[in-house]
Amino acid sequence: MKRSRLVLLSLCAALGGFCAVRVAQAARDPAGPYKKLDVFSHVLSLIENNYVEPADETKLLYGAIEGMVRTLDPHSSFMDPRSYAALKQETDGEYGGVGLELGMRGEEVVVVTPLDDTPASRAGFAPGDKLLEIDGQPLHGWRESDAVRALMGPPGTKVTVKALRPSWAEPRSFPLIRDVIRVVSVEERLFEKKYAYVKIKNFQDRTDAYLKKALDSLRARSGGQMAGLVLDLRHNPGGLLDQAVKVADRFMTDGVIVTTKGRGGKHIEVERAHAKEGEPRYPMVLLVDGGTASASEIVAGALQDSGRAVVMGTQTFGKGSVQTVIELEDGSGLKLTIARYYTPSGRSIQERGITPDVWVKASASDEDGPREQNLPGHFKGEEIAAVQPVAATAKPPPMLPAAPDDPSDDVQLKTALDTLRTWQIFKNSLPGQPPPAKAASAHP
């Protein structure tokens, strides 16, 4: 009993005296909600003294905290020290595992996206796949942090994952060999010596710096004649908000990038672009899909509302909330939703996602994966007044026909490149697009 009390006190201290303040409030208001802490203490005492077998007090307390946080929304979570250490390892950009970005759909652990060039992507995992078992152990009652921890391990070791996709009649088992997962957040290619392609896989520390390096390299390789850019945010689950803001800022010279609004409409923060010498105003297409979520939707919304880029692909995920991670005194972590974010025009991305200017499916058999609106307990979307005026469009987004189903054929990328090649003609079909741009020359 004494040990559990010490654990509880350490968690309270880690929250900066929050519990002490609430207990004091409960003392002043005996009928208040924090009086129920007495019930919690009573139940804990009953379990410790009467349960048929000795109970692990720390596990009891962690379970209680996890259950409390789970009632909030799909994205808030409590992580024990092992799970929190695994999260920090992922954020650092290198770990041993299979390369699956996971999330929750109600009580189910599902794939948000497989990271490119990892055991999971090579095995054929797709967004929306439901994980059923890991090494024969059913995932009943598991959170995504539990699954992440089970999938991580020394490179070269084997792990078997059983999964189910809506279009499959039966679950399928995937034997995977763990590998070193190096999350290189930016990759580049150059087409026809003048059309640049940059894929941002997620927003981690220094993503904007890697983007600048990639763009400078592409500009040099094109001989200073870079005629357009395809920025690929497909299957990008998000990441660090500050990096998303910096990436959007790189292509904008003024105006709002994103507005975040906290509890009760308080703590409104507006991130604006800075007048500076950023990227030249060359033609730009931004690719999105159902795996484009959170921070990547901020970039898409900002560049779409500002008219800086044509957004192409399919509807994005629709995660319009901001989480912060608080490291607690005992090494555990609390991921807590603290705000909603909005595009420059005041659109809430929550539930809705970003609607592309031009719809292009990846293939004729392209399946709709899970969206934020499918998650139990998700926030409802809402709109706010535009922070800056944005030209409205009455035209529905055109739908381009999907190509035949061919896994080796990236029809969305091909359509984006065709758009850059015919930019002078194409831009007239969409309202609010930037004026014709000359070929971009290199600059310091």
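Go over the candidates GLU48, GLU66, GLU53 one by one and state the one that is touching a residue at least 40 places away in the same chain (Cβ under 8 Å), over 24 Å from LEU336 (Cβ atoms) and not assigned by TED's automatic domain parsing to the domain that holds GLY333.
Result: GLU48 is the single residue among GLU48, GLU66, GLU53 that is touching a residue at least 40 places away in the same chain (Cβ under 8 Å), over 24 Å from LEU336 (Cβ atoms) and not assigned by TED's automatic domain parsing to the domain that holds GLY333.
Can you tell me how many residues within segment 251-268 are over 30 Å from GLY228 (Cβ atoms) and free of Cβ contacts under 8 Å to residues at least 60 places away in the same chain?
Within segment 251-268, residues that are over 30 Å from GLY228 (Cβ atoms) and free of Cβ contacts under 8 Å to residues at least 60 places away in the same chain number 4.
Based on this model, can you work out whether GLY32 counts as at pLDDT 90 or above and loosely packed, with under 15 Cβ neighbours inside 10 Å?
When the stated conditions are applied, GLY32 does not pass them.
Taking ASP330 as the residue in question, decide whether it is free of Cβ contacts under 8 Å to residues at least 24 places away in the same chain, assigned to a loop (DSSP other than H, G, I, E, B) and of a type in the set (Asp, Glu).
Answer is no for this residue.
To keep it simple, each residue is scored yes or no on (1) touching a Gly at 6+ places or on another chain (Cβ under 8 Å); (2) without any contact (Cβ under 8 Å) to a residue 60 or more places away in the chain; (3) on the phi > 0 side of the Ramachandran plot; (4) not polar (S, T, N, Q).
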residue: GLU133; (1), (2), (3), (4): no, yes, no, yes
residue: ASP146; (1), (2), (3), (4): no, no, no, yes
residue: LEU190; (1), (2), (3), (4): no, yes, no, yes
residue: LEU211; (1), (2), (3), (4): no, yes, no, yes
residue: ALA214; (1), (2), (3), (4): no, yes, no, yes
residue: SER222; (1), (2), (3), (4): no, yes, no, no
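So for segment 273-286 (the condition being among the small types (Gly, Ala, Ser) and free of Cβ contacts under 8 Å to residues at least 12 places away in the same chain), does at least one residue qualify?
No: zero hits.
Do we have ALA339 as surrounded by fewer than 23 Cβ atoms within 10 Å (Cβ to Cβ), modelled with pLDDT under 95, assigned to a strand (DSSP E or B) and assigned by TED's automatic domain parsing to the domain that holds TRP423 here?
yes
Wholly within segment 42-141, which helices (runs of 4 or more DSSP H) include no fewer than the required count, namely at least 2 residues that are hydrophobic (A, V, I, L, M, F, W, C) and either out of contact with any Leu (no Cβ under 7 Å at 6 or more places or on another chain) or surrounded by 20 or more Cβ atoms within 10 Å (Cβ to Cβ) (or both)?
Answer list for segment 42-141: 57-70, 81-91.
If you check ALA209 against the conditions, is it touching a strand residue (DSSP E or B) at 6+ places or on another chain (Cβ under 6 Å), of a type outside the set (D, E, K, R) and closer than 25 Å to SER294 by Cβ?
no
Counting only residues that are within 12 Å of ILE349 (Cα to Cα) and part of a loop (DSSP other than H, G, I, E, B), which one in segment 297-317 is farthest from the chain's Cα centre (by Cα)?
GLN315
List pairs: first in segment 298-323 and touching a residue at least 40 places away in the same chain (Cβ under 8 Å) and more than 22 Å from PHE251 (Cα to Cα), second outside any loop (DSSP other than H, G, I, E, B) and among the hydroxyl-bearing types (Ser, Thr, Tyr), Cβ under 6 Å, 6+ apart or cross-chain?
Between residues of segment 298-323 that are touching a residue at least 40 places away in the same chain (Cβ under 8 Å) and more than 22 Å from PHE251 (Cα to Cα) and residues that are outside any loop (DSSP other than H, G, I, E, B) and among the hydroxyl-bearing types (Ser, Thr, Tyr), the close pairs are SER321/THR337; VAL322/THR260; VAL322/TYR341; GLN323/THR337.
Do we find that ASP216 is acidic (Asp, Glu), touching a strand residue (DSSP E or B) at 6+ places or on another chain (Cβ under 9 Å) and not assigned by TED's automatic domain parsing to the domain that holds VAL98 in this structure?
Considered against the rule, which asks whether it is acidic (Asp, Glu), touching a strand residue (DSSP E or B) at 6+ places or on another chain (Cβ under 9 Å) and not assigned by TED's automatic domain parsing to the domain that holds VAL98, ASP216 comes out as no.
Which condition does ALA126 not pass, out of (1) in the same structural domain as SER173 (by TED's automatic domain parsing); (2) over 25 Å from PHE203 (Cα atoms), if it passes all the others?
(2)
Looking at ALA169, is it without any contact (Cβ under 8 Å) to a residue 24 or more places away in the chain, among the small types (Gly, Ala, Ser), assigned to a helix (DSSP H, G or I) and on the phi < 0 side of the Ramachandran plot? Before the answer, list the steps.
Numbers: without any contact (Cβ under 8 Å) to a residue 24 or more places away in the chain: yes; among the small types (Gly, Ala, Ser): yes; assigned to a helix (DSSP H, G or I): no; on the phi < 0 side of the Ramachandran plot: yes.
Judged against the criteria, ALA169 is not a match.
Suppose the filter is out of contact with any Cys (no Cβ under 8 Å at 6 or more places or on another chain), in a loop (DSSP other than H, G, I, E, B), surrounded by 15 or more Cβ atoms within 10 Å (Cβ to Cβ) and among the charged types (D, E, K, R); does ASP146 pass it?
no
Do we find that ARG221 is surrounded by 21 or more Cβ atoms within 10 Å (Cβ to Cβ) and either over 22 Å from VAL288 (Cα atoms) or under 19 Å from the mean Cα position of the chain (by Cα) (or both) in this structure? Quick ask: steps written out before the conclusion?
Details: surrounded by 21 or more Cβ atoms within 10 Å (Cβ to Cβ): no; either over 22 Å from VAL288 (Cα atoms) or under 19 Å from the mean Cα position of the chain (by Cα) (or both): yes.
Here the answer is no, as ARG221 does not meet what is asked.
Among ASP242, ASP208, ASP216, ASP254, which is the only one that is surrounded by 18 or more Cβ atoms within 10 Å (Cβ to Cβ) and of a type in the set (Asp, Glu)?
Of ASP242, ASP208, ASP216, ASP254, the one residue that is surrounded by 18 or more Cβ atoms within 10 Å (Cβ to Cβ) and of a type in the set (Asp, Glu) is ASP208.
The values are calculated or read from the model by the stated rules, or taken from the named source; none is laboratory data. Model, not experiment: these values are computed from the prediction. Don't worry about glycine lacking a Cβ; one is built from the backbone with ideal geometry, like all the others, and counts go over all protein chains shown.
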